[in-house]
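The values are calculated or read from the model by the stated rules, or taken from the named source; none is laboratory data. Bear in mind the structure is a predicted one, so any value in this text is a computation, not a measurement. Please note: Cβ atoms are built from the backbone with ideal geometry, for glycine as well, and neighbour counts cover all protein chains shown.
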Amino acid sequence: MINISFLDKIASVLIEKYSKSLSNTIVVLPNKRAKIFLIEALKKQVNTNILSPEIISIEDFIQDISGIRTIDPIELLFEFYEVYLSITEKSQQQSFELFANWAKTLLQDFNEIDRYLLDPSHVLSYLKDIEDIKKWGIEVENKTPLLERYIDFWKLLPKYYQSLYDHLLNKGIGYQGLIYREAVNNLNNFTKSVQEKQYLFAGFNALNSAEEKIIQQLIASEQAEIYWDVDQTFLNDPYHDAGLFVRRFKENWKHYKSNPFEWIVDDFSQSKNIQVIGTPKTIGQAKIAGSIIENITNDNSLRKLDKVAIVLGDENLLVPLLYSLPASVGALNITMGYSSKNNPAQILLAKLFKMHTNALSRNNSSYVLYYKDVLDILTHPLVEPYAKIAALVAIINKNNYTFITHQKLMELNVIPSELFLLLFKKWESGSIPVLESISQLLQTIKNNLSNDSEEEKITKAFVFAIFKVINKLIAYYSKHQHIDKIETLYAIYKQVIDLAEVSFEGEPLNGLQIMGVLESRVLDFDTVIVTSMNEGKFPAGKSQNSFIPYDVKRELGLPTFKEKDAIYTYHFYHLLQRAKNIYLLYNTESEGLDAGEKSRFITQLEVEKQANHNTTHEIYNAILPETAYQPMIIPKSESVMLRLKEIAEKGFSPSALTSYIRNPIQFYFQKILRISEVEEVEENIALNTLGTIIHETLKVLYEPFIGEFISESDIVNCFKQIDVEVLKQFKLVYKEGEIKKGRNLLAFEVAKRNVSNFLKVELESIKNGDTIKIIALEQTYQRTLHHSSLPFPVLIKGNVDRIEERNGTIRIIDYKTGKVDKANVILKNWNGLTDDIKSDKIIQVLAYAYMYEEKANGQPVEAGIISFKNLKSGFLPFVFKEEKEMNSIIDETILSQYLEQIILLLNEILDVNIPFLEKI
């Protein structure tokens, strides 16, 4: 059996019944989108040229009756604030951002009261009485000013409503509810003025009281007919929510007391393939939807996508879905609103507001910007490719600019682009100039984007949506200048941006259709893919965005979550009604941000299974590899071997050797590929930076004594220089970083304390009779290692922190800012020295001893570590412990055994047959 679409049937009625008066026929549909589909259905059924009937949406129709222009939610909020200020005592007036928090909810309630034609004074007084009852037990003398203001708020609601209603009516503008109420008031005049017109209402389900009254009156005066799209499966079941509203109309409308209820179809019970697919997380659903589309396009019998729709239960799935669609999808039509919350242009503006408002709020005469705010903007995908700021970002990172004055930022970027100047223009001259600057910025961003790809076209739609909001704000601010404060601008922007959506437009008759749930009304598709079939998403679940309690809504006949669920139910079953292939996707995860139970609609399909429905259930999980991660293996190519030879000639440092022991892949990246770490702003001083500062300070303090024995007075003089020298080194190493407050100030004090403690230990040693002669400080030494097993000579090269002669013995000292214990430099067995990274300290200090051996001229040599976190232990020399004997003097035997191990390590590094194998 071939299912005829609802709009095809409406087209047939128009041709058969209204063909003589099509120019005077007006078709009213639930939304604007169905218009073009109805025109297409008409074109298919006529062979000659005809005048099309006028086709309008229900909202446009109601607006025509009332003669009042609708205003968007942003404008309404500003108009309401005007009214609020005019009727509220100055001492009680709230700022716009506080007002907007409750005004949006109140306007929603005003809208519902008007759409359902309720007496506003009765409803709003009812709310005030409820609040009075809640506070019944509180004595008059115990009522606080806060409580008094709270009760006064509820008393003022009728006044707020009437004042706003009159204010808007005088301007000839209104919100949806006001327009509906005025349309009902003007209905008699309207029906008289359009007696020659004939109205045809098609595809409706839920109607509010105003719509019901208008349609019934037009039907009663024989100026209109209504055609429902309802299936007998839902209509005849008294408990099925998909037929809830139409059952009420069938029972209650006067027209159906004497006229038959027509157009009851039997499409839902026809043959259908329903696949219920569960998969973890949102991204999994996007991937599956993409693979379903790919299978459809690969099937020759289903190559056309015109009759395929993807209906997103959660709008956030749009972007992942677009990336998951196969390349074979040519034409694409997106018809849905997309929240501005995730709009990349909105995210950029949020960062922009954050940076400038932070700069303004700092107690500083100059305009000071925080580096993270600056970099967040400069590296944003709408800025980075076009602003020419790579050099500026590098300067900020290299020089540790934590806080940058506006003047300094402009000096650092020598040739600024127009985009850069707009981003960092000072926000000091009022809200309208700021908004105009943002408007210009968005235009510049739009001009940077081309139409070369679908991605860029979608990005343009995002930018344009925010551009419209900003321009509206400029218009509203021009009229409402009493709220012109930059401090409140961001709060207002956040309020209004929540009300803005990105609207995508395309060619609805061509290609794959991607839409939201509401956009699917009246339309029929052969193949339907519905995502986010989870409770809380589809249906949306309970939400109490109202001041009117549930029981009061029930009593007054206002819609509750029960009716809202019924609307979702109708939309869902209408999607399935004439479809042949249906895919229902849901998230199997029950925990997390995008999780929830499987939708009740899926369970309902299982419980009420139709005989001709073939329903299957599948769970798709990501294919996981047997091992979570395969270690990286890099074979040694000819170019790698050339680079190793180059390193051997220039010098292997002790840290390079320990880097290989730690992880050969780390050695490969750092030494072979020469990949350095990304330079970033060091907001808080890192341990290695602190170590560098201490090393450099000690070098400067001891440099005058190289080649001389140190006296007590020398050390005493060094104490006097600590503060100045540490500060100087901080500025040299940490550059423009902030060191006068916070954790960095503590680090500064730690550096001074470490240097001071080191000098105290040194002074104590001299007082105890030690003779100390400084031989070298921070000096580079090198020595070529020749061995028959090595493919070529290897230079060992490194920088030694300090070499001294103490009581006739040469001491080679390596400073460590971290903690090192005696056990870290004791060796019991040479075998396996280079197998484990725990021996890294020994490998380093013995490498220094090997490099210096020739210059020791036979003097006994020790090599070890001074740990600033373990200064009480003093110098920690390398010790070879053989049985009970401890030997800290590094002789030929020690060095030859050490070199045996190093040669084994170097042979492994330089062996072409041994690849670099990652350690996990």
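Brief remarks follow.
- Filtered residues of the stretch 444-473 (kept if part of a loop (DSSP other than H, G, I, E, B) and polar (S, T, N, Q)): S450, N451, S453
- Filtered residues of the stretch 540-558 (kept if in a loop (DSSP other than H, G, I, E, B) and either β-branched (V, I, T) or under 20 Å from L235 (Cβ atoms) (or both)): I548
- Residues within the stretch 590-607 that are at pLDDT 90 or above and part of a loop (DSSP other than H, G, I, E, B), tallied: 1
- For K287, the conditions (1) in contact (Cβ under 8 Å) with a residue 60 or more places away in the chain; (2) of a type in the set (D, E, K, R); (3) under 14 Å from V530 (Cα atoms) all hold with the exception of (1).
- Residues that are buried (at least 17 other Cβ atoms within 10 Å of the Cβ), farther than 28 Å from I920 by Cβ and either touching a Leu at 6+ places or on another chain (Cβ under 6 Å) or in contact (Cβ under 8 Å) with a residue 60 or more places away in the chain (or both) do occur in the stretch 602-612, at least one of them.
- For the stretch 2-32, filtered to residues that are basic (K, R) and in a helix (DSSP H, G or I), the residue that is modelled with the lowest pLDDT is K20.
- Residue in the stretch 146-156 that is outside the structural domain of H613 (by TED's automatic domain parsing) and touching a Phe, Trp or Tyr at 6+ places or on another chain (Cβ under 7 Å) present: no
- Summed over the stretch 754-765, the residues that are touching a helix residue (DSSP H, G or I) at 6+ places or on another chain (Cβ under 9 Å), without any contact (Cβ under 8 Å) to a residue 40 or more places away in the chain and charged (D, E, K, R) give a count of 1.
So that you can scan it fast, the table gives a plain yes or no per residue for (1) under 39 Å from the mean Cα position of the chain (by Cα); (2) surrounded by 10 or more Cβ atoms within 10 Å (Cβ to Cβ); (3) modelled with pLDDT of 90 or more:
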| site | (1), (2), (3) |
| --- | --- |
| R115 | yes, yes, yes |
| L124 | no, yes, yes |
| D132 | no, yes, no |
| E141 | no, no, no |
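- Looking across I283, I288, I292, I310, one residue alone is in the same structural domain as Q604 (by TED's automatic domain parsing), assigned to a strand (DSSP E or B) and either over 24 Å from H613 (Cα atoms) or not aromatic (F, W, Y) (or both). It is I310.
- The number of residues in the stretch 514-559 being touching a helix residue (DSSP H, G or I) at 6+ places or on another chain (Cβ under 9 Å) and touching a residue at least 24 places away in the same chain (Cβ under 8 Å) comes to 32.
- Residue in the stretch 793-801 that is over 19 Å from K650 (Cβ atoms), modelled with pLDDT under 95 and among the small types (G, A, S) present: no
- Counted as qualifying within the stretch 379-437 are the helices (runs of 4 or more DSSP H) with 1 or more residues that are of a type in the set (A, V, I, L, M) and within 29 Å of T689 (Cα to Cα), namely 390-398, 406-412.
- Some residue of the stretch 365-380 being loosely packed, with under 15 Cβ neighbours inside 10 Å and touching a strand residue (DSSP E or B) at 6+ places or on another chain (Cβ under 9 Å): yes
- Test: residue in the stretch 239-246 that is assigned by TED's automatic domain parsing to the domain that holds S21, exposed (fewer than 13 other Cβ atoms within 10 Å of the Cβ) and within 20 Å of P539 (Cα to Cα): yes
- Search result, residues across the stretch 649-680 that are of a type outside the set (D, E, K, R) and at pLDDT below 90: I675, S676, V678
- All of I62, I68, I50, I56 fail the test of being touching a Ser or Thr at 6+ places or on another chain (Cβ under 8 Å) and not polar (S, T, N, Q), apart from I50.
- Contact annotation: no residue pair with Cβ atoms under 7 Å, 6 or more positions apart or on different chains, pairs a residue in the stretch 817-842 that is closer than 19 Å to S659 by Cβ with a partner that is of a type in the set (V, I, T) and exposed (fewer than 14 other Cβ atoms within 10 Å of the Cβ).
- Subset tally (residues that are touching a strand residue (DSSP E or B) at 6+ places or on another chain (Cβ under 9 Å) and either in contact (Cβ under 8 Å) with a residue 40 or more places away in the chain or at positive phi (or both)) for the stretch 766-798: 20
- Which numbered condition I214 fails, given (1) in the same structural domain as T25 (by TED's automatic domain parsing); (2) surrounded by fewer than 16 Cβ atoms within 10 Å (Cβ to Cβ): (2)
- Restricting attention to the stretch 185-213, the residues that are more than 45 Å from the chain's Cα centre (by Cα) and not small (G, A, S) total 16.
- Just one of the listed residues (K636, K645) is among the basic types (K, R) and crowded, with 19+ Cβ neighbours inside 10 Å, namely K636.
- Which numbered condition I920 misses (of (1) in a helix (DSSP H, G or I); (2) farther than 26 Å from V794 by Cα; (3) among the aliphatic types (A, V, I, L, M)): (1)
- Residue tally, condition at pLDDT 85 or above and outside any helix (DSSP H, G or I), over the stretch 90-113: 2
- Unique match (being touching a Lys or Arg at 6+ places or on another chain (Cβ under 6 Å), without any contact (Cβ under 8 Å) to a residue 24 or more places away in the chain, under 30 Å from D72 (Cβ atoms) and not hydrophobic (A, V, I, L, M, F, W, C)) among S429, S437: S437
- In this structure, L369 does not qualify as more than 25 Å from K468 (Cα to Cα), in contact (Cβ under 8 Å) with a residue 40 or more places away in the chain, assigned to a helix (DSSP H, G or I) and assigned by TED's automatic domain parsing to the domain that holds I497.
- Taken together, the criteria place P326 among residues that are free of Cβ contacts under 8 Å to residues at least 60 places away in the same chain, within 20 Å of E455 (Cα to Cα) and part of a loop (DSSP other than H, G, I, E, B).
- Inter-residue pairs, beta-carbon under 8 Å, first outside the structural domain of T379 (by TED's automatic domain parsing) and at pLDDT 90 or above and in the stretch 344-358, second buried (at least 20 other Cβ atoms within 10 Å of the Cβ) and aliphatic (A, V, I, L, M), 6+ apart: none
- Qualifying position, being under 36 Å from the mean Cα position of the chain (by Cα), surrounded by 14 or more Cβ atoms within 10 Å (Cβ to Cβ), farther than 19 Å from D229 by Cα and touching a residue at least 24 places away in the same chain (Cβ under 8 Å), among I74, I50, I65: I74
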